[in-house]
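See below for the structure under consideration.
Derivation of every value follows stated rules applied to the coordinates shown; laboratory data play no part. Every value quoted in this text rests on a predicted model; they were computed, and no experiment measured them. With ideal geometry, Cβ positions are generated from the backbone for all residues, glycine too; neighbour counts draw on all protein chains shown.
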Amino acid sequence: MRDWWRISTPIIITALLAFTSSAGVAFAQAGTPAPAADRPSQAKRIALFLAGGATGLALHESAHLVADAAFGAKPGLKKVDFHGIPFFAITHPSGLPPRKEFTISSAGFWMQHAENEWLLSPHRPLRDRGPFAKGVFTFNILTSVAYAGAAFAKTGPVERDTRGIAASSRVDERWIGALLLAPAALDAWRSFHPESKWAAWSSRGVKIGMVVLIVR
Ligand SMILES: [Zn+2]
C-alpha cells in the first residue's frame, strides 16, 4: 500500500531564510518612514522580519496539526530531503479517507491564504505595516511559489503537501501548483496596489476554488 504521507515543512526553508535576510530587507524597510527618533534600528527591523517569517512557518505547521487533531490522525516527525537539502516533515498516517487527507494536506495553505487576506485588508495596506507583518507575508508568498515549483516539476519528497492534495482530489498536481501560484502572484501584486479590486477578488476566487475541490 502506498504511503500518503504529507510534507509539511516548507520546502527550502534554509533558502527562504537566506533570501528573506537579504532581498527581503528592502521590502522590510519599505513604507511610511517614521520619525528618525522612534524608528527601530536596521538590525531590529531585520530581526522582526525574520521573526515574521518563522511565525509564518509556525502558523502553516499549526494548521496541519489542528487538522490532524480534528480527525484524530496522530502526527509524526520524519527526516526527508529535497535535492540534498535535509529537513524535517510533520507527517500523518497513510490510508486516510480522501477528504480528510485533502483537508490535512491543504490546511497549511488555507491558513496562509487567510493570513494574507488579513494582512492585505484595505483599511491598513501592507506597506504601512511593520517588518514583522511583512516577514509573515513574504514567507507565505515564497512558500506558495516554492510549492508551486515542486508541483509543476512533480519533484521533492513524496510527503509534499501538493502531492497529498492532488492525490486526494484526483487532480493533476500541476493544476494544484497553478492554484497556489495564482493567488501568490495576485497577493504580491496587491501588496503594491492595495486599491486593486480585480486582483483582490481574483485571488479570493482562486483561494475559495481550492477549498471547493474537497467535493471532488
Ligand atoms: Zn504544509
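Among the residues of region 82-94, write down those that are surrounded by 12 or more Cβ atoms within 10 Å (Cβ to Cβ) and out of contact with any helix residue (DSSP H, G or I) (no Cβ under 7 Å at 6 or more places or on another chain).
Of all residues in region 82-94, those surrounded by 12 or more Cβ atoms within 10 Å (Cβ to Cβ) come to 82, 85, 87-94.
Within region 82-94, 82, 88, 89, 91, 93, 94 qualify.
Could you check region 61-107 and list, in sequence order, the residues that are assigned to a loop (DSSP other than H, G, I, E, B) and either within 11 Å of the ligand (Cβ to nearest atom) or out of contact with any Leu (no Cβ under 9 Å at 6 or more places or on another chain) (or both)?
Matches in region 61-107: 72, 74, 83, 84, 92, 93, 94, 95, 96, 97.
Among the residues of region 132-149, how many are surrounded by 23 or more Cβ atoms within 10 Å (Cβ to Cβ) and within 14 Å of the ligand (Cβ to nearest atom)?
Number satisfying all stated conditions: 6.
Given the criteria part of a helix (DSSP H, G or I) and in contact (Cβ under 8 Å) with a residue 24 or more places away in the chain, does residue 182 qualify?
yes
Here are some conditions: (1) within 18 Å of the chain's Cα centre (by Cα); (2) part of a helix (DSSP H, G or I); (3) touching a residue at least 24 places away in the same chain (Cβ under 8 Å); (4) surrounded by 15 or more Cβ atoms within 10 Å (Cβ to Cβ). Residue 168 meets all but one. Which one does it not meet?
Here residue 168 clears every test but (1).
Picking from 156, 177, 135, which residue would you name as being touching a helix residue (DSSP H, G or I) at 6+ places or on another chain (Cβ under 6 Å) and not in a helix (DSSP H, G or I)?
Just a single option satisfies the conditions, and that option is 156.
Report, by residue number, each residue of region 59-108 that is among the small types (Gly, Ala, Ser) and closer than 17 Å to residue 146 by Cα.
Residues satisfying the conditions are 84, 89, 105, 106, 107, 108.
Please verify whether residue 136 is under 29 Å from residue 49 (Cβ atoms) and in contact with a strand residue (DSSP E or B) (Cβ under 7 Å, 6 or more places away or on another chain), treating the condition exactly as stated.
Values: under 29 Å from residue 49 (Cβ atoms): yes; in contact with a strand residue (DSSP E or B) (Cβ under 7 Å, 6 or more places away or on another chain): no.
In short, no.
Does region 104-131 hold any residues that are buried (at least 22 other Cβ atoms within 10 Å of the Cβ) and of a type in the set (Ser, Thr, Tyr), and which are they?
Matches in region 104-131: 105, 106.
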